[in-house]
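Structure first, commentary second.
The values are calculated or read from the model by the stated rules, or taken from the named source; none is laboratory data. Quick caveat: nothing in here was measured; it's all calculated off a predicted structure. Every residue, glycine among them, receives a Cβ derived from its backbone with ideal geometry; neighbour counts consider all protein chains shown.
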Amino acid sequence: MDESGVRLRLGGLLGQYTYVSISPGVGEVEGNEASGALMAGYEWVTQNATFAIYLGGEFQNRRLNKVDPSNSVVGNSAGFKTSVDFHVNPTSYTMLSGNMTYSTNNNAYYTRFKAGLKISQNIFVGPEVLFLGDNFYGQWRAGAHLTGAKLSGNGGAAGCRRTMVSDQPAREAGENRRQSRAPRPLRRLPNGRGRGAERTV
């Protein structure tokens with residue numbers, strides 16, 4: 001897809017998460033999340049940059065292993081979802097990219113920005129920052145990425161990353177931590193127990 005045109009994007013997520021409820025007597029809660037989205041959009045492709053915008057629908061299912069009065073983000077929900085992507089090479093040895101999504105399902109959002117310097121043919125390394133959350137939680141994360149050659153004109157890439165976690169609770173409830181223990185895996189960032197994927201055609 002090296003030319004501008006209409007795109008169709010199909011995405012999904014399967015994951016597990018754990019947090020400590022602020023409701024008296026509830027304690028630690030385990031949850032499961034599954035979601036799927038279908039969006040249509042348009043992508044503009046130039047020699048050194050791509051920009052795409054999508055709009056469509058999303059379905060979510062979230063289940064908890066016990067009742068938690070402090071968490072309203074439970075059960076089935078459907079809503080609209082939008083996404084904006086860009087990838088640009090300002091020079092032959094630098095890159096910038098971003099992905100921003102928002103869903104009316106519990107006001108869920110995900111934003112990721114990357115910058116990089118070329119270290120070899122089509123291989124870039126540099127910093128990245130993420131912001132994610134919904135009506136129940138909010139976080140930001142910062143780290144580094146190693147990104148390989150673009151797979152297509154949509155700015156997708158093969159790569160890996162190392163992320164330093166900084167919790168930013170958006171509520172009083174559940175920091176996803178236990179006292180005297182290491183942080184637990186957090187929602188929406190698959191950690192081996194969950195799987196998320198997107199496909200653009």
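Report yes if VAL26 is in a loop (DSSP other than H, G, I, E, B), aliphatic (A, V, I, L, M) and surrounded by 13 or more Cβ atoms within 10 Å (Cβ to Cβ), otherwise no.
On the way: in a loop (DSSP other than H, G, I, E, B): yes; aliphatic (A, V, I, L, M): yes; surrounded by 13 or more Cβ atoms within 10 Å (Cβ to Cβ): yes.
Against the criterion (in a loop (DSSP other than H, G, I, E, B), aliphatic (A, V, I, L, M) and surrounded by 13 or more Cβ atoms within 10 Å (Cβ to Cβ)), VAL26 qualifies.
What is the residue count in segment 83-98 for residues that are surrounded by 15 or more Cβ atoms within 10 Å (Cβ to Cβ) and in contact (Cβ under 8 Å) with a residue 24 or more places away in the chain?
Qualifying residue count for the region: 9.
Specify the residue that is surrounded by the most Cβ atoms within 10 Å (Cβ to Cβ); the eligible residues are those in segment 48-82 that are among the β-branched types (Val, Ile, Thr) and not in a strand (DSSP E or B).
That would be VAL73.
Any residue at all in segment 62-73 that is within 19 Å of the chain's Cα centre (by Cα) and either under 30 Å from ALA115 (Cα atoms) or among the aliphatic types (A, V, I, L, M) (or both)?
yes
Which pairs do you get when a residue that is more than 14 Å from THR94 (Cβ to Cβ) and touching a residue at least 60 places away in the same chain (Cβ under 8 Å), found in segment 108-132, comes within reach of a residue that is among the polar types (S, T, N, Q) and buried (at least 16 other Cβ atoms within 10 Å of the Cβ), reach meaning Cβ atoms under 7 angstrom, with the pair 6+ apart or on two chains?
Filtered contacts from segment 108-132: TYR110/THR101.
If ALA37 satisfies every condition in (1) of a type in the set (A, V, I, L, M); (2) in a strand (DSSP E or B); (3) in contact with a Ser or Thr (Cβ under 7 Å, 6 or more places away or on another chain) but one, which is the exception?
Condition not satisfied by ALA37: (3).
Output the number of residues of segment 126-171 satisfying the condition of being more than 23 Å from GLU33 (Cβ to Cβ), assigned to a strand (DSSP E or B) and either of a type in the set (Gly, Ala, Ser) or at pLDDT below 95 (or both).
Counting residues in segment 126-171 that are more than 23 Å from GLU33 (Cβ to Cβ), assigned to a strand (DSSP E or B) and either of a type in the set (Gly, Ala, Ser) or at pLDDT below 95 (or both) gives 15.
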